[in-house]
Structure formats: C-alpha cells, structure tokens
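J.: Structure in structure tokens, see below.
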Amino acid sequence: MMKLPRTKEMLRLLLLIIITAPCCTYGQVSLSYLQNDKSMYAPGDTVKTTVTFSSAVTGAALYREYYHLSEMIFADSVTAISGAAYQVNWLPPATDYKGYLFKLILRINGIPSDTANIAIDVSSDWKRFPRYGFLSKYPVLTSTDAAAIIGNLSRHHINGIQYYDWQWKHHKPLRGEPGSIYSSWPNIANQTNYLSTIQKYIAACSSRNINSMAYNLLYGAYASAAADSVSDQWRIFSDVTHLQPDFHDLPSTWASDIYIMDPSNSNWVRYINKEMQKVFLGLNFNGWHIDQLGDRGTRYNFSGQAINMTAAFKSFTDSAKVILGVPLVFNAVTNYGQTNIAKAPVDFLYTEVWNPYNSYSDLVSLVNYNYSFSNKTKNSVLAAYVNKGISGTAGYFNPASVLFTNAVIFASGGSHIELGEHMLSHEYFPTNKLQMSADLKASMVRYYDFLTAYENILRDDLNPYAVDISSPTHPVTTWPPQQGRLWAYPRAKGKNLIVQVINFKSATTMYWQDNTAIQAVPALLENIQFRIPVAKTVSKVWYASPDNDLIVPQNIAYTADTDGVTVTLPKLKYWSTIVVEFEGDLTGSAEKTEPRLQKNNLLQNYPNPFNAATEIRYSISADGDVSVKIFDMLGNEAATLLDAGQSAGEHTLTFDSAKLSAGVYFCVLKTSDYCKTNKMVLLK
C-alpha cells in the first residue's frame, strides 16, 4: 500500500477529528435573551443583566463591551460560565442622563458561538427621555403573569406606563375609600377591573423603575354624577342658555356617555382633585395621565359665558400639581392646547396624532413644534395609531408601516406610545385584533435598544442644521421627506453633525397611518456615498442602525477636502444614523432652521360669539403673501387685519370690533394656494 504524503495524512486526521469530535460548533448554543433588571437606572446604581442561553453551557466565556455612542468605555471577560442562565453586573459612570450599549460575545471552548446586545439608560428621572407604554385590561392575573407583561415592556426600556381605563367612574375613579377599596369594579365599557391585578402591575413596575400613571379625563363625568355630589351646573354647554350639555356619545351597552365638565370651574377642580387624591392614597400610582377629547368648538359655562378651554388646561394642571404633587402628563389631542400645556408643570409633551397631521413630515414637525413650545425643555411622546384602517379585522401589522413610523418619530427626537399587552392600532386601547409577526417583534427590540442607547444623539438638546446633503447615486432631500428619495435629516450637537438617513426610495405611501397597509419593505442599499458640504476639519465618522442585528457603532470611510466631506454609508434599509465628528463646534456655522408644519389652516376665532375683541389663529405652510380680512353678510369688506408678506408658521391676530354693529361676519384667510372662511358672531 502506497504511503500518503505527510501533508495529506495530516489533513485526513484533521478531517476525521472534525467529523467525530463531540465538542460544540459555532452557533450550536446561542444567547437567547438578555434582560436588564430595570428600565432605567439612577446614577450610582449597578446594572444587573440576566443572560439566558438556548441550552445549558459548560466552561463558556462571556466577553463584555460597553459603549457610550462610538466609544468603548469598558471591556472585560468572564470565564468558566456554566448553566442555562447567568447574571452579569456593571457599574456605569455616575453621570446622569446617558445612554449605553452593552455588547456580549459568547465563546464555548474558545470558539465564538453568538453575539447579542442590550441598551442601558442611566437617568434619575424619566422626564428627559420618556419611553411610554400602556396597559388596557385588568382581568384576574397571577403575579407571574403580571411580571411577564411588565418584563417585556422593560426589555423595550419602557420607563412609564399609562393605565388606560383602570378606573371605576371618571368623576369617581376609586371605588371605595383609600383604606377599603373594592376588590373589583366595572369600568365605563362594563369590563371588570380587578384591584389585585392593578396592584400587581404597579408592584412589577416599581421593581423595574417604571412610572405607573393613572389615566383619567380632566373633565369627565357620568350622566348620573349628581348622585355623587357633582353639580350639573359644573358642566359645559353648546348653547348660551345651558339647555344643551356637551357630552361624548358612547355605545348604549356602556355604563354612560361622558358629560364634559368645565375645567375652569373652581368647584369642579376641587372635586376631581379630591377624588384623585384618594387614588394616590389608596394605590401606589406615581402620577396622573390627564386626557381630553380635543377641540369641541365654542362651549359655554352655565352662566352663558364662552370658556377659554386651552387656558383652562394650564390653570387646571397648575392646580393639580399643587394639590396632588405628583408627575403629570397631559394629552394634547391633535395638539389642541399644546402651547398652553407646554407651559404647565407636565413632565413631557404628549400628542395624540389625528388629521391634518397625516404625513411623515407632520410627525417631525409635531416633535419640533412641541420642543419649541416648551423652550426646548420637554421632549415628546406621540400616540399615532398605525394601520388603524384595518384594526377591526384579525390579522397582522404591516412591518414597514410600523418601522417607518418609528424611524421618523425616533429620528426626529420623539418617542411613540404603542407597546402594552399588545401593540396599539386604535384610540380605544383594548383593541387588539392586529398582531406582530416574530420578525416585527425582533425589530421592535432593536429599535427600542437603539432609541435608548443613542438617546444622547437623538433626543438630547440637538439643534437643526441647514446643510445641502447630496449623493451621486441616489436622490436625496433634507426637508421635507419625499417619496422616491432618501431623507437625510441633519442636526448638530457641539462638534457633531448627526445625520438621520431614512430610505423612502421605494416607499408606496408617505402617510404614516397607512390605513390599507400598503407600505412596501425597502430594498437594502449598500455603500451609499453622501456629500456633506461642511468646511471644517473632520476627526471621525461613524454610523449605527437599528436594522442591523447588532446596533453597535462602526467607523466608516470618508474623504475630506476644503469644501466638505464625502462619507460612505455601508448599509441602509429603513434607517441609519451617520455621525460626523468635527474638531470645531458647529454652532453658528450654518443657518438654523426648524421643520415647519406643512399645513395651511384657519382656526375658529376665540371667543365666538364675541362682544369686543376676538383672537384669530391660523397657520401657513410657506413664506409668502397672506391676506386676512373680515366681511359682513352682504360681502362688504369690514376690516383688513393683514395684507402683506408673512413667514411660514403659526400666527395670531386680534380683531377689535368696536366700530362694527352686532351681526354675523366672516373671516377669510387667503394665500397663493389656499383660502378658508370662518363664520363669526358679534354680540353687543
């Protein structure tokens, strides 16, 4: 028998060893789950992360890397790991309001087996970076069941939860007294809420540093509220003779319609705050999520006086803060009253998004407008119900609809209330006919990891930065987002230019709600060049994306010259973030601009009817000539309030009717591409 050459013999033995060896191979054991013990950590707290393996390991090693933005700030290894799970601890820097990314590498017998990551938020308060979730049903649950639901929300770093419709009656939310609460009660939809379940949820949230917010309207009462010492004279009315009380019509199978009380009535304010005091004495809620029902038009008190509802929002919230002393969040339905709410003692700004804010650009504008309303002190959470049009039929969310909406909201500095026992698709939170696919669930974990890990370049005091970004191979727009183009949204912070890039190149719609679920999954783009004409010395360029399995930062190629920098983005599916770090501060290097609400609108004057002066509010979508005029019933011009060029945005004019007689008048707003008329009634 011919002898094999030594090299072939060695190869044969090596192959034999590989085929017959019983040791682990790459991918045989994986990191099936990572879970932090809290949703956010106070400075000085130790982060405890439980690592769960797909099967028990023996002699494994864990390699740990912790990042703040693009910098690895800590790394080590833990060896001789055995079992099905393991806890790793880390003490972050004591600096407040910082996001981190924890990357974990599993090695078995020295061979890489899997890699995973999870974000960490070190924040002493949720105000700075709110990530809001919800609960909507309170059946009998075990502590284990309640902990599992809250644990899932904590995995997404949710740091506050709105307990939707937890209460008994809106005007009397606690059934019983603080020391003797009933064990159960019907809510307004006649579903049974169980005290023990609410208590279990609150306890589970507390253990994970999640704020529990008790939902309730600021002005809701049942038809029978007089039996609970609520005077019918505290209501609001749609007529000056108090014959037509205002109410929100609900199905006949529910407990009651909701009658609207006057939030500027001192008796009502005292009453409802006293009832909410009982709530906080009896249950360990952290704060009050205050709801409203949007702009209901001109409404009157019992005496026939028009109510300044949006001013009442602020005065009511001011009183609630003084009386209750708890965190407050106030829903601005379609942003109604947000300018006043922003000045009230709320922890952040919350907008329930409805028509006319239908486009992706409107979502960005809402976040930016809210930020400006609060003098850049309060971030936003948007309640935006994706795929609402198909929410009445059992099925699945369109992943592209969800991920594009989240990409736009997160990239613009906001957050999205959507996660609870299920994902939201409807303003009635218990609606849950649409489900998430397994792939969408995995994407949502990455997106919330990204929102948290990179919170300091997404939501932390960024400034708009006007720069014309282009690409030699792809159409690009900086504002507004456009179908068929990449949207490159630049903002500046210190020496960093942060460019959010969202891929609308193959988008089938630019309407975020996507009621017919037609939004297309974008094609993956690779090695995209962008030209950024900022003439400053570049020190580093990096990128990260929630669409990658690992959202770790990666340095990327660039070339710089005297006129700017050209960068190459390795991958773009839905959303990637490019960060260009310059040696000099960017402040003042370019004109700062805010994305504007791309809507023309003339709002109803307030008050109306009026007997002296009235305010006329309107918005215009672009700079240009604007005319605001008043006409009488015969079409004669009675007054010209404005006939000149005006910048885009929201504006207010005061109309003084001293020289006019009583009667019906019409206010007409005209721009180059818009005209609207509102009727006004002058009483004298």
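The values are calculated or read from the model by the stated rules, or taken from the named source; none is laboratory data. Because the structure is a prediction, the values reported are computed rather than measured. Heads up, the Cβs are rebuilt from the backbone with ideal geometry, glycines too, and the neighbour counts pull from every protein chain shown.
J.: Do we find that Ser303 is modelled with pLDDT of 95 or more, surrounded by 17 or more Cβ atoms within 10 Å (Cβ to Cβ) and not in a helix (DSSP H, G or I) in this structure?
T.: Judged against the criteria, Ser303 is not a match.
J.: Hey, Ser372 hits all of (1) surrounded by fewer than 21 Cβ atoms within 10 Å (Cβ to Cβ); (2) modelled with pLDDT of 95 or more but one; which does it fall short on?
T.: If we test Ser372 against (1) surrounded by fewer than 21 Cβ atoms within 10 Å (Cβ to Cβ); (2) modelled with pLDDT of 95 or more, just (2) comes out false.
J.: Taking into account only those residues within the stretch 337-360 that are out of contact with any Lys or Arg (no Cβ under 9 Å at 6 or more places or on another chain) and over 14 Å from Ser380 (Cβ atoms), which is modelled with the lowest pLDDT?
T.: The residue in question is Asn355.
J.: Which one of Val353, Val326, Val408 is surrounded by 24 or more Cβ atoms within 10 Å (Cβ to Cβ) and either touching a strand residue (DSSP E or B) at 6+ places or on another chain (Cβ under 7 Å) or assigned by TED's automatic domain parsing to the domain that holds Ala438 (or both)?
T.: Only one candidate qualifies: Val408.
J.: Name the residues in the stretch 255-277 that are under 30 Å from the mean Cα position of the chain (by Cα) and outside any strand (DSSP E or B), would you?
T.: Across the stretch 255-277, the qualifying residues are Asp257, Asp262, Pro263, Ser264, Val269, Ile272, Asn273, Glu275, Met276, Gln277.
J.: Still on this structure, I have one more. Filter the stretch 191-213 down to residues that are surrounded by 24 or more Cβ atoms within 10 Å (Cβ to Cβ), out of contact with any Gly (no Cβ under 6 Å at 6 or more places or on another chain) and either of a type in the set (Asp, Glu) or not in a helix (DSSP H, G or I) (or both), then give me how many there are.
T.: 2
J.: When only residues in the stretch 135-167 that are in contact with a Leu (Cβ under 7 Å, 6 or more places away or on another chain) and aromatic (Phe, Trp, Tyr) count, which is farthest from Lys38 (Cα to Cα)?
T.: Tyr164
J.: Further question on the same structure: Based on what the data block shows, is Pro480 surrounded by 14 or more Cβ atoms within 10 Å (Cβ to Cβ), in contact with an Asp or Glu (Cβ under 8 Å, 6 or more places away or on another chain) and either over 20 Å from Val367 (Cα atoms) or of a type outside the set (Val, Ile, Thr) (or both)?
T.: no
J.: Now, a different point. State yes or no: is Asp114 in a strand (DSSP E or B), acidic (Asp, Glu) and in contact with a Leu (Cβ under 7 Å, 6 or more places away or on another chain)?
T.: yes
J.: Now, a different point. Restricting to the stretch 46-64, count the residues that are more than 18 Å from Gly110 (Cβ to Cβ) and surrounded by fewer than 17 Cβ atoms within 10 Å (Cβ to Cβ).
T.: Going through the stretch 46-64 one residue at a time, the tally reaches 7.
J.: Of everything in the stretch 448-498, what is of a type in the set (A, V, I, L, M) and part of a loop (DSSP other than H, G, I, E, B)? Give them in sequence order.
T.: If the condition is that a residue be of a type in the set (A, V, I, L, M) and part of a loop (DSSP other than H, G, I, E, B), then Leu462, Ala466, Val467, Ile469 are the ones that fit.
J.: When you check Ala507 against the structure, is it at pLDDT 95 or above, of a type in the set (Gly, Ala, Ser) and buried (at least 20 other Cβ atoms within 10 Å of the Cβ), yes or no?
T.: Yes.
J.: In the stretch 663-676, which residues are loosely packed, with under 15 Cβ neighbours inside 10 Å and free of Cβ contacts under 8 Å to residues at least 40 places away in the same chain?
T.: The answer is Gly663, Val664, Cys675.
J.: Given the residues Asp249, Asp232, which is the only one that is touching a helix residue (DSSP H, G or I) at 6+ places or on another chain (Cβ under 7 Å) and surrounded by fewer than 19 Cβ atoms within 10 Å (Cβ to Cβ)?
T.: After applying the criteria, what remains is Asp232.
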